[in-house]
Amino acid sequence: MSLPVIFVLYFISAAVLVYFSIKCADYVDLLDKKTDISGAFIGGVILAAVTSLPELVTSLSAVFVVKNPGLIIGNVLGSNIFNLCIFGGAILLCAKAFSTCKIGKAHVMTLLCTLAACAMMALVFWINNGDTAFGQIPVVNLNAFSFLILVVYFISFRFLSNDDSENDEEDTSPLTVRQIVIRFILMAIGLVGMSIVVTALTDKLQTELRLDESLAGALFLGVATSLPELTSSIALIRRRNFNAMVGNVVGSNMFNFTIFSIVDIFSGHVIYPAASTVSLQTKNMLVFGVLSTVLTMAAILLQSKMKSAPKQSGGLTVTYAGIGALILGSYLVALVLPFSLIG
């Protein structure tokens, strides 16, 4: 199969992913309006898990189908930075609307849990433990951090389930809750199917272009599997459901880290690389991912504080826009910096 044909198939598959993700966002917004479940929980757990299914399935496919586990790290870290770019772009372009919307406080706790997972990955990437990754349990192909990440995820899950934020938008859909759930599940199944296709095409692109596994995972898997988060978030912003949008982004990032755990526990393969073999590209993605996470947390905390304080709309709009620009810039630097150092 020639390179142009692979690219065409890749973009077609990505377009189908976009369609399924938009429909998922539509049904999540309807669930938010028709039920008493908070938007933070619906966006941060239900939608986040579904839109992160492509990352999970492509990571499993990287191990079992194309036998290339190196794609997983780039897939997860690249997806996480790209996801935060969605938030950055939202507050950059919709700063005024963001300053007046309802954002659940539980999102901050999810971001703190994400930073905890980042800290675990930093230990793996920087602490030299010989030929094995730091935290690797002897004899068995498992890493202790896989279990700790799952614990952190369930802690974030608990905070989201206790969030009391609500959607005040009026429900005008004739669909019942049961009909919405069934259609939502069908769209989720479609996402899974296309994710497997995207993984196979990414592996072929990496081989044809002779790219580093981590970079290929970030560019092709990371971006393609983050399209559901992007398109569903745009759909939610158009409905002024910023709470579910933020939950989708930050919840997806926390869920993505559990992909390391799931693949590590069930695959029987060594997933985490030894520190001596970790590429500069991988470390850059983690560092700038942490920076973007901190900036996202700062924006949410500022928004929550200033809603109850005297309005300074002009200055706040500029501040949110500036934070959004910094988040977008960190993604570009994370991708470009290794090439500038090599040059």
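The values are calculated or read from the model by the stated rules, or taken from the named source; none is laboratory data. Note that this is a predicted model, so its numbers are computed, not measured. Every residue, glycine as well, gets a Cβ built from its backbone with ideal geometry; the counts of neighbours run over all protein chains shown. Only protein heavy atoms, including side chains, enter the accessible area calculation; ligands, DNA and RNA are left aside. Shrake-Rupley method; radii C 1.70, N 1.55, O 1.52, S 1.80 Å.
Among the listed residues 85, 113, identify the single one that is part of a helix (DSSP H, G or I), at pLDDT 85 or above and more than 18 Å from residue 259 (Cα to Cα). It would help to see each step written out before you state the result.
On the way: 113 fails: more than 18 Å from residue 259 (Cα to Cα).
Only one candidate passes the filter, namely 85.
Considering only residues that are within 12 Å of residue 63 (Cβ to Cβ) and hydrophobic (A, V, I, L, M, F, W, C), which ones fall in segment 266-277? Full working, then the answer.
Taking segment 266-277 and keeping what is within 12 Å of residue 63 (Cβ to Cβ), we get 266-271.
Within segment 266-277, 266, 270, 271 qualify.
Tally time: how many residues in segment 15-29 are modelled with pLDDT under 80 and open to solvent by less than 60 Å² (accessible area, probe 1.4 Å)?
First, the residues of segment 15-29 that are modelled with pLDDT under 80: 17-18, 21-22, 24-26, 28-29.
Within this subset, residues satisfying the condition of being open to solvent by less than 60 Å² (accessible area, probe 1.4 Å) are 17-18, 21, 24-26, 28-29.
Number satisfying all stated conditions: 8.
Can you spot a residue in segment 49-56 that is assigned to a helix (DSSP H, G or I), among the small types (Gly, Ala, Ser), within 14 Å of residue 245 (Cα to Cα) and under 10 Å from the mean Cα position of the chain (by Cα)?
Yes: one or more hits.
What number of residues within segment 132-152 satisfy the criterion of being open to solvent by 10 Å² or more (accessible area, probe 1.4 Å) and at pLDDT 85 or above? Give the steps one after another, and end with the answer.
Start the filter on segment 132-152 by keeping residues that are open to solvent by 10 Å² or more (accessible area, probe 1.4 Å), which leaves 132, 134-142, 144-145, 147-148, 150-152.
Next, from what is left, pick out any that are at pLDDT 85 or above: 132, 134-137, 142, 144-145, 147-148, 150-152.
The qualifying residues number 13.
What's the number of the condition residue 169 fails, among (1) under 30 Å from residue 69 (Cβ atoms); (2) in contact with a helix residue (DSSP H, G or I) (Cβ under 9 Å, 6 or more places away or on another chain); (3) modelled with pLDDT under 85?
Unmet condition: (1).
Identify the residue in segment 300-317 that is over 18 Å from the mean Cα position of the chain (by Cα) and modelled with pLDDT of 85 or more and, among all such residues, is nearest to residue 79 (Cα to Cα).
The first filter runs over segment 300-317 and keeps only residues over 18 Å from the mean Cα position of the chain (by Cα), leaving 301-317.
Filter once more, so that each one left must be modelled with pLDDT of 85 or more: 301-302.
Details: 301: 23, 302: 25 Å.
Here the answer is 301.
Of the residues 80, 68, which single one is assigned to a loop (DSSP other than H, G, I, E, B) and either small (Gly, Ala, Ser) or touching a residue at least 12 places away in the same chain (Cβ under 8 Å) (or both)? It would help to see each step written out before you state the result.
Details: 80 fails: assigned to a loop (DSSP other than H, G, I, E, B).
Only one candidate qualifies: 68.
Sort through 265, 271 and tell me the only one that's in contact (Cβ under 8 Å) with a residue 40 or more places away in the chain, closer than 20 Å to residue 73 by Cβ and either in a helix (DSSP H, G or I) or in contact with a Lys or Arg (Cβ under 8 Å, 6 or more places away or on another chain) (or both). Don't jump to the end; show me each part of the working.
Values: 271 fails: either in a helix (DSSP H, G or I) or in contact with a Lys or Arg (Cβ under 8 Å, 6 or more places away or on another chain) (or both).
Among 265, 271, only 265 is in contact (Cβ under 8 Å) with a residue 40 or more places away in the chain, closer than 20 Å to residue 73 by Cβ and either in a helix (DSSP H, G or I) or in contact with a Lys or Arg (Cβ under 8 Å, 6 or more places away or on another chain) (or both).
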